[in-house]
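*Asks:* Below you will find the structure I want to go over with you.
The values are calculated or read from the model by the stated rules, or taken from the named source; none is laboratory data. Values in this document were obtained by computation on a predicted structure and should not be read as measured data. Cβ placement follows ideal geometry from the backbone for every residue including glycine, while neighbour counts extend to all protein chains displayed.
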Amino acid sequence: MSSTPHDPFYSSPFGPFYRRHTPYMVQPEYRIYEMNKRLQSRTEESDNLWWDAFATEFFEDDATLTLSFCLEDGPKRYTIGRTLIPRYFSTVFEGGVTDLYYILKHSKESFHNSSITVDCDQCTMVTQHGKPMFTKVCTEGRLILEFTFDDLMRIKAWHFTIRQYRELVPRSILAMHIPEVINWSGVG
């Protein structure tokens, strides 16, 4: 006796005749998740070819990456084209970062004819630094992404407006580097 149902309208997702009724479309936030995984899979030996393959997988040929932030002498805005995007990411890691990922909270999607825009007012770029001492930096801001509306769903425009950052250093490391650590038990 077979354990498969004999309903002609039932098709098991594990059976030979299963067909998806709607085309599968990757969610934009899932693409960022995939990008985070790819960044975590890189090795110390990742060369220019690896970084170019990374950029080709996630960015359109005419993509732009813009960073905006405010310094003491006023607001700054820097935009690079697709040819420099691999160098941007590789330089982050060459500067002592051991891990990099993006967290998107409460993002909003809007669909257009040929693109999908993701507007995330609460984006955090998290970087782990190993040198000169272990530090985690959380850079908070607004991330606006424009994706192509096709099977590849690559990024056409990336605009990160930085509001603030926080450096998180373990107390054990602070105690080793700062001899004048306050003794809280003596406060009274």
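*Asks:* Going through the range 34-86 one residue at a time, which ones are touching an Asp or Glu at 6+ places or on another chain (Cβ under 9 Å) and among the basic types (Lys, Arg)?
*Replies:* ARG38, ARG82 - these are the residues of the range 34-86 that are touching an Asp or Glu at 6+ places or on another chain (Cβ under 9 Å) and among the basic types (Lys, Arg).
*Asks:* Which of (1) at pLDDT below 95; (2) under 15 Å from TYR165 (Cα atoms) is the odd one out, the single condition TYR102 does not satisfy?
*Replies:* (1)
*Asks:* What tally of residues in the range 40-52 results from selecting those that are assigned to a helix (DSSP H, G or I) and either exposed (fewer than 13 other Cβ atoms within 10 Å of the Cβ) or modelled with pLDDT under 95 (or both)?
*Replies:* Adding up the residues that qualify gives 3.
*Asks:* Continuing with this model, one more query. Just checking, how many residues over the range 59-94 are of a type in the set (Ser, Thr, Tyr), in a strand (DSSP E or B) and free of Cβ contacts under 8 Å to residues at least 12 places away in the same chain?
*Replies:* Total meeting the criteria: 0.
*Asks:* Can you name the residue in the range 117-135 that is farther than 20 Å from SER90 by Cβ and modelled with pLDDT of 95 or more and, of all such residues, is surrounded by the fewest Cβ atoms within 10 Å (Cβ to Cβ)?
*Replies:* GLN122
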